[in-house]
Amino acid sequence: MRDWNVLATAREGGFARARRLLAGLGEVAETRFYNVLLARVPDPRGLLSHLAEQAGADPASVAFLARVAPADRTFTFQTAGEFLDRAREAVLALAPSLAGRSFHVRLRRRGFRGALHAQEAEKALADAILEALQAGGRPGRVAFDDADAVVALETVGSQAGVALWTREDLARWPLLRPG
């Protein structure tokens, strides 16, 4: 699925239930990665609220979901270099929201083993954000403990999604689990 805005992972034995649940809320596609689904829903952040309400009423109704990660922006890439270029463009669009705040970049990579290194990419992208914030006169800082925000990137083969999650978002929607 090229036009996705939600990545979901299922717990062991919960894949079919996760697929059925998401299919009732939007278009869903399986991936070649174990227990990973991509979906297109009308309101990705509204989906998180819906799932949180459902979990509050009946925790077992969503217990088979390990993570649900909406993406504000998606892109495709063919090489690790192209990923870094496109990811840099995507995270720099988020930089104004990070002015004067603490943050860290988290990449969950599926595919491109040996070609795309998550920690190196996270550092390069965080450095790009810090440079942009410094140039704008409102520096931010990288923090891994209790950061104000997380810039979350997810790759699935040659596709990637990017989102910005605040501390409040992470507290409100436990299924985000950006790592």
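The values are calculated or read from the model by the stated rules, or taken from the named source; none is laboratory data. Remember, it's a predicted structure, so these values are computed and weren't measured experimentally. Positions of Cβ are generated from backbone atoms using ideal geometry, with glycine treated the same way; all protein chains shown enter the neighbour counts. Accessible surface is based on the protein model in full, side chains and every heavy atom, while ligands, DNA and RNA are left aside. Shrake-Rupley method; radii C 1.70, N 1.55, O 1.52, S 1.80 Å.
Of the residues that sit in the stretch 110-128 and are part of a loop (DSSP other than H, G, I, E, B) and of a type in the set (A, V, I, L, M, F, W, C), which one is least open to solvent (accessible area, probe 1.4 Å)?
Leu116
Consider Val105 carefully, then state whether it is open to solvent by less than 50 Å² (accessible area, probe 1.4 Å) and either among the basic types (Lys, Arg) or in a strand (DSSP E or B) (or both). Taking the combined requirement at face value, the residue satisfies it. Screening Asp145, Asp127, Asp169, Asp72 for residues that are among the acidic types (Asp, Glu), within 30 Å of His50 (Cα to Cα) and more than 18 Å from the chain's Cα centre (by Cα) leaves exactly one candidate, Asp145.
Pairs linking a residue in the stretch 118-144 that is over 13 Å from Leu84 (Cα atoms) and among the basic types (Lys, Arg) to a residue that is at pLDDT 95 or above and open to solvent by less than 50 Å² (accessible area, probe 1.4 Å), with Cβ atoms under 6 Å and 6 or more positions apart or on different chains, are Arg138/Ala99; Arg141/Ser102. Inclusion of Leu116 among residues that are touching a helix residue (DSSP H, G or I) at 6+ places or on another chain (Cβ under 9 Å) and within 18 Å of Asp148 (Cβ to Cβ) is not warranted.
Under the condition of being assigned to a loop (DSSP other than H, G, I, E, B) and under 30 Å from Thr31 (Cβ atoms), the residues counted in the stretch 129-162 number 4. Inside the stretch 137-155, residues that are among the β-branched types (Val, Ile, Thr) and open to solvent by 10 Å² or more (accessible area, probe 1.4 Å) make up a count of 1.
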